[in-house]
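S.K.: Attaching a single structure in C-alpha cells format; questions to follow.
The numbers here are math on the coordinates, done by the rules we state, and not lab data. From a predicted model like this one, the values you see are computed outputs, not experimental measurements. Cβ sites come from the backbone with ideal geometry, for glycine too, and all protein chains shown count toward neighbours.
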Amino acid sequence: MQAFSVEHIEPLHLGGATTLDNLALACQGCDNHKYTKTEGRDPVSGDSVPLFNPRQQRWREHVEVILSRVAAKNLLAVGERDATRKKSQDI
C-alpha cells in the first residue's frame, strides 16, 4: 500500500501558504509528477491550462472534460488516418 503525501496546491515558491485551504493529499507518484507545476499542456490544443485544483473543481467534472477531449482527439486521429489511407488507395 502506498502512503499519501501532503502537497501544496499553490506551491510555496509561488506564494502558496502551508494552511489547510492550500493543502491536499496526493499519492506520492502524482505529487512527484506535479512537483511545483500549476499548469500543464492541453494535449488537444497545445495550450497551457491550469492543473486540477481540489478546492475549486470537482474531480468527476474534471475527468469528464479530459476524457471528452481525449476522445475528440482520437476521433480526429482516426479520421486523418482514414483520409490518408483513402488518398493512398486513390493513387
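S.K.: For Glu61 paired with Leu25, estimate the spin-label separation in nm (one decimal), with each label point 7 Å from Cα along the Cα-to-Cβ line.
M.R.: 2.3 nm
S.K.: Which ordering of Leu20, Leu51 is given by a fewest-first count of other beta-carbon atoms within 10 Å?
M.R.: Values: Leu20 8, Leu51 12.
By the 10 Å Cβ count, ascending, the order reads Leu20, Leu51.
S.K.: Here's something else I'd like to know. Explain nothing, just compute: Karplus ³J(HN,Hα) = 6.51 cos²θ - 1.76 cosθ + 1.60, θ = phi - 60°, for every residue of the stretch 50-61 in order, whole Hz, x for Gly and Pro.
M.R.: x, 6, 4, 10, x, 8, 10, 10, 9, 4, 4, 5
S.K.: Output ³J(HN,Hα) for the stretch 13-27: one whole-Hz value per residue in order, computed from phi by the Karplus curve 6.51 cos²θ - 1.76 cosθ + 1.60 with θ = phi - 60°, and x for Gly and Pro.
M.R.: 5, 9, x, x, 9, 8, 10, 3, 6, 10, 10, 8, 7, 9, 5
S.K.: Give me Glu7, Glu39 ranked fewest to most by other Cβ atoms within 10 Å of their Cβ, as a rough exposure proxy. Could you put the intermediate results ahead of the total?
M.R.: Details: Glu7 20, Glu39 10.
Listed from fewest to most nearby Cβ atoms, that is Glu39, Glu7.
S.K.: Would you pull out the residues with amide H under 5 Å of Leu23's amide H, same chain only if 5 or more places away, H placed 1.01 Å from N?
M.R.: Under 5 Å from the amide H of Leu23 lie the amide H atoms of Ile9, each far enough along the sequence or on another chain.
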